[in-house]
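Working notes, beginning with the structure itself.
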């Protein structure tokens, strides 16, 4: 993989405890929607070892955009503290792209995207790209969070659904009663019954899973139990994000 130099353009809150970081897109850098980068900080913090000077992040931005954007839960770690305090204009290293969680090329087969929490990041890139390119492929996203406040990019996803007639969003909250916002959408976890109902009108879909390891493994097992072969299931587990 190639390593590039980039600089921080901007940062923003995209959900409670979740921030997005906008970096310059280096000359010659290209990627496919769903891929990731390693972001390398020159100074990861006084208590950090050299091996934590880098972190892998899915790319939120789409290939047609002129920046590289990542988003992450702001956990209490030396790396995350250093990232949050990085001055605008500061240099960083970008290594990549990496990863194979990319949309299949058979546009006749639908794609079912299942995201838990910050696992939404690779799918944002895919959905932006699909809307821009007007892909004929049917896309279904099942997106689970505790509360609406925790759901990064939810407003944009609603806009993308209105923009792309081939995209359908099902957002669900597992702790909606604890929200300070009114929620009239679905509630409860993404389980086998919810997936089966959502996919009932789709022919031979390919499944993409991204989120906490427990959620990813549980959905994969449910799909296997329903007769879905492993070659039609692609996944990425998000540890400690």
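The values are calculated or read from the model by the stated rules, or taken from the named source; none is laboratory data. Note that this is a predicted model, so its numbers are computed, not measured. Every residue, glycine as well, gets a Cβ built from its backbone with ideal geometry; the counts of neighbours run over all protein chains shown.
All of (1) surrounded by fewer than 19 Cβ atoms within 10 Å (Cβ to Cβ); (2) touching a helix residue (DSSP H, G or I) at 6+ places or on another chain (Cβ under 8 Å); (3) outside any helix (DSSP H, G or I) hold for residue 222 with one exception: (3). With respect to the conditions (1) part of a loop (DSSP other than H, G, I, E, B); (2) in contact with a helix residue (DSSP H, G or I) (Cβ under 7 Å, 6 or more places away or on another chain); (3) closer than 15 Å to residue 144 by Cα, residue 168 falls short on a single one, namely (1). Filtering segment 229-241 down to residues that are at pLDDT 90 or above and surrounded by 17 or more Cβ atoms within 10 Å (Cβ to Cβ), which residue is farthest from the chain's Cα centre (by Cα)? This residue is 233. Applying the set (1) assigned to a loop (DSSP other than H, G, I, E, B); (2) out of contact with any helix residue (DSSP H, G or I) (no Cβ under 8 Å at 6 or more places or on another chain); (3) crowded, with 19+ Cβ neighbours inside 10 Å to residue 126 leaves exactly one unmet item: (1).
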